[in-house]
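This report concerns only the one structure given below.
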Amino acid sequence: MVWTVEEYLHYLKGKGFQFEEDAIGFIYFGKHYTNASNELINTAIELTLKAQKNFDGSFYMSLLETFMSNEIITRQQALKFIKENELIAI
């Protein structure tokens, strides 16, 4: 089961991550701008948090745009792409 973005943000909040209103707005802007799936949006949020230690909107957007331009649509494909291209140490 893939969580909606709202469910995933709620889950992260329960883990102690606090998102400001502007960050949440940016997350949804990225979703609409790229037309990415919930799975890919959630993966981009996760990778942004792992790489930046907090939410960085420009990093998140860059990651999403990279995924979309490389026709990546699943979490598995995204993780493979990140690893193969050594974009983030995960």
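Throughout, read-outs are computed from the coordinates displayed, never taken from laboratory work. As the structure is a prediction and not an experimental result, all values here were calculated from the model. We place every Cβ from the backbone using ideal geometry, glycine too, and count neighbours over all the protein chains shown.
I want to confirm something. Restricting to the range 54-90 and keeping residues that are among the small types (Gly, Ala, Ser) and under 12 Å from the mean Cα position of the chain (by Cα), which single residue is nearest to LEU40 (Cα to Cα)?
ALA78
Taking the conditions exactly as written (closer than 14 Å to VAL5 by Cβ and either among the polar types (S, T, N, Q) or surrounded by fewer than 14 Cβ atoms within 10 Å (Cβ to Cβ) (or both)), does SER69 satisfy them or not?
When the stated conditions are applied, SER69 does not pass them.
May I ask you to list the residues in the range 65-86 that are without any contact (Cβ under 8 Å) to a residue 12 or more places away in the chain, outside any helix (DSSP H, G or I) and not acidic (Asp, Glu)?
ASN70, ASN85
If you take the residues in the range 54-64 that are hydrophobic (A, V, I, L, M, F, W, C) and part of a helix (DSSP H, G or I), which one is farthest from THR34 (Cα to Cα)?
PHE59
Of everything in the range 5-35 that's on the phi < 0 side of the Ramachandran plot and of a type in the set (Gly, Ala, Ser), which residue is surrounded by the most Cβ atoms within 10 Å (Cβ to Cβ)?
Once the filter is applied, the top-ranked residue is GLY30.
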